[in-house]
Structure formats: C-alpha cells, structure tokens
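The values are calculated or read from the model by the stated rules, or taken from the named source; none is laboratory data. Since we're looking at a predicted model, the values are computed, not measured. Neighbour counts are summed over all protein chains in view; Cβ atoms, including those assigned to glycine, are modelled from backbone coordinates with ideal geometry.
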C-alpha cells in the first residue's frame, strides 16, 4: 500500500532529501503525497487487501510493526545500487 510504503520516509523526508541528492523518485514523491493525505496510516494498511491477508494469515504483529511511524532512527537509502542505512536527523 502506497501510504504504508511512504511511512519509512514520513517525517524525516526533509533530511533524506539531502542524502538522496535533493530529490526523490517520482514513486517516492507519490508515496509521500499519499502519506500526507492519509489521516490514519495504520488503519489504512490494516484495512487494505494485503494488510487483511497478512492479519488473517497470522501476521498481525508484523503489520503492527510495519505501520509504526518514527519508531526507528535509521531509514534505507538506495546508493550506488545498494541500500544503506541513513540516520534520521
């Protein structure tokens, strides 16, 4: 789900723009726009088809972790074809 994907960018997006060379991909920009327009990210992810499927399959705890916002001090940044950890500022 697009807003859920953007949750990893969420509030640290401004600091990540610098790490990304000042711009995100069009896909990341779209995900950020959806994130900003979604009032309750957790409810949206739990209610989408993939979220319901995971919960029904016994992975509700994983869904709960996946929708946490500002829960980690590191985010993935793609650099030179590989993901590296970037500190959230």
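The table that follows gives values for the structure above.
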read-out: Positions within region 22-35 being surrounded by 12 or more Cβ atoms within 10 Å (Cβ to Cβ) and either in a helix (DSSP H, G or I) or modelled with pLDDT of 90 or more (or both), in sequence order; value: 28, 29, 30, 31, 32, 33, 34, 35
read-out: Members of region 54-89 that are touching a helix residue (DSSP H, G or I) at 6+ places or on another chain (Cβ under 6 Å) and in a strand (DSSP E or B); value: 77, 86
read-out: Qualifying residue in region 55-64 (condition: touching a residue at least 12 places away in the same chain (Cβ under 8 Å), within 21 Å of residue 88 (Cβ to Cβ) and surrounded by 18 or more Cβ atoms within 10 Å (Cβ to Cβ)); value: no
